[in-house]
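Here's the structure, in structure tokens; my notes come after.
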Amino acid sequence: MNQHLSRNIELGITFCLSAFYLGINLPSPIPSALALVSFLIIPLLIIRQWKEFIYVATRDIPLILAVGAAVISVIWSTNPEETLAHSRALLFSTAFGIYLATRYTPKELMQLMVWLFGIYMLLSLITSLILPSYGTDINTEGLSWQGIAGHKNSLSAAMGMAAMLFLDLALYGYKYRPIFSLGAGISFLLIVLSKGRGGLGVFMALLPLLPLYKLAKQEYRLRTFFGIFAFVIGLVIILSTLVNLEFIIVELLGKDVELTGRIPLWNYLIQRGLEKSWLGYGYGAFWTNPKEVLQVALNVPWMSSIADGVTKAHAHSAYIDLFLQLGWVGVSLVALSFVTILFRVVLLLGLTRQIEYFWMLQLLLFMAMGNIANNSGEFLAYRSLYWVLYVSTACSTAIHLKRILKTGNKLVNLQYENTTYQH
């Protein structure tokens, strides 16, 4: 098999795996079967460059510690069988993220995501229009679109990420600006039609950050750049949330001041979490424990539907879910990982002024804000493209920053090499 064909096949497999982790609504047991297939394919992708993979995997220690905490939580888990199963899936999704960092430069990965989110957007639009029984759903808010995502919030989150990606390229790219502008418009339309207000809120909060890339491209001393950038990011986020809190919750999000009853749920779950505050109940253990699920249903009336044991339950806040699973230790490790990656991304953005690092910054903020009152972009998620991209961002920024500081070549990360990560 010639090298060009082999590379195209590998790229196609990578694309399909990325689509699987982004989430496609398929009838049971197809998702489980695809998960098993991914467990076979990912090692095959890795084995071709296992030395580089190991090197890249060991570049971000906080990330290793966070994932390691989830895996070893089987020791104290209240549901060890589920923790073991969830941990296995987490290891594979994390490995796929490391593979992406090993195999592709940030620029190449961004191009791959443009194709992925673009096709995902078009398929969601088409299915919602042509196959409404599959692509739409009727709930308490009326008709909402869910596309191929299977749920309005999943579609809203995916299209929020897609809209930011397309806007970046429409405003700051050099080619196909009208096409990217159209993509951003369709993505925003799907956010609105999905009625997934959490995704809409995060997208609106990220919009004021778009002009910051112009700031990043200016000739500033790095220290000045850091100061201005940190100040502007903080100011924009604070003003976008606190000053307009009532508008965001009541008018834009259409929720009551208790976020449709989530605050009573959070109060109860936090109290449960404090009973095992240091290490938590174990990765994936709390919501798979029938006793805990029943107690939630009894104490929070609007969650009564989860008592059947079939309806998937979660805290409606990824941070609280993380606290329940891994306690303060897990929360601290994830926070350390996030802050470390955020620092590297901003530093690389200041050094290289490349659009892919600005997109990485948006990804990190998307996950940080989307996890507050939703589970969009959940940290340590065992089947999520956002976690895969988070891992890829962690590893690639660690590698590229080291190479730039070592060589002094600020564009070295844009040059694809098969031996990029050799010692």
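The values are calculated or read from the model by the stated rules, or taken from the named source; none is laboratory data. On a predicted model such as this, the values are computed, not experimentally measured, just so you know. Note: ideal-geometry Cβ built from the backbone for every residue, glycine included; neighbour counts use all protein chains shown.
For the reader, a short list of remarks on this structure follows.
- Scanning the stretch 267-294 for residues that are among the polar types (S, T, N, Q) and touching a residue at least 12 places away in the same chain (Cβ under 8 Å) yields SER277, THR288, ASN289.
- Flag if ALA95 is closer than 25 Å to PHE379 by Cβ, touching a Pro at 6+ places or on another chain (Cβ under 9 Å) and of a type outside the set (Val, Ile, Thr): yes
- In the stretch 265-305, residue modelled with the lowest pLDDT [restricted to those that are surrounded by 18 or more Cβ atoms within 10 Å (Cβ to Cβ) and of a type in the set (Val, Ile, Thr)]: VAL300
- One residue stands out in the stretch 329-360 among those that are part of a helix (DSSP H, G or I) and among the charged types (D, E, K, R): the one that is farthest from GLY408 (Cα to Cα), namely GLU356.
- Exactly one residue out of LEU155, LEU122 is aliphatic (A, V, I, L, M) and touching a helix residue (DSSP H, G or I) at 6+ places or on another chain (Cβ under 6 Å), and it is LEU155.
- Of residues in the stretch 47-63 being in contact (Cβ under 8 Å) with a residue 12 or more places away in the chain and among the aliphatic types (A, V, I, L, M), the one farthest from SER396 (Cα to Cα): LEU63
- When the test is whether a residue is farther than 20 Å from GLU378 by Cα and out of contact with any Phe, Trp or Tyr (no Cβ under 6 Å at 6 or more places or on another chain), PRO29 passes it.
- Under the condition of being more than 17 Å from ALA368 (Cα to Cα), at pLDDT 90 or above and touching a Ser or Thr at 6+ places or on another chain (Cβ under 7 Å), the residues counted in the stretch 383-418 number 1.
- Failed condition for CYS16, given (1) farther than 24 Å from SER396 by Cα; (2) surrounded by fewer than 16 Cβ atoms within 10 Å (Cβ to Cβ): (1)
- Test: residue in the stretch 28-46 that is surrounded by 16 or more Cβ atoms within 10 Å (Cβ to Cβ) and in a loop (DSSP other than H, G, I, E, B): no
- Residue check, TYR134 on the phi < 0 side of the Ramachandran plot, more than 22 Å from the chain's Cα centre (by Cα), in a helix (DSSP H, G or I) and touching a residue at least 24 places away in the same chain (Cβ under 8 Å): yes
- If only residues of the stretch 152-207 that are touching a strand residue (DSSP E or B) at 6+ places or on another chain (Cβ under 8 Å) and in a loop (DSSP other than H, G, I, E, B) are counted, the one that is surrounded by the most Cβ atoms within 10 Å (Cβ to Cβ) is GLY196.
- Count - residues of the stretch 297-328 that are hydrophobic (A, V, I, L, M, F, W, C) and not in a helix (DSSP H, G or I): 4
Here's the yes/no breakdown for (1) in contact (Cβ under 8 Å) with a residue 24 or more places away in the chain; (2) farther than 30 Å from TYR134 by Cα:
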| site | (1), (2) |
| --- | --- |
| THR14 | yes, no |
| ILE24 | yes, no |
| LEU34 | no, no |
| LEU45 | yes, yes |
| LEU65 | yes, yes |
| VAL71 | yes, yes |
| PRO80 | yes, yes |
| MET113 | yes, no |
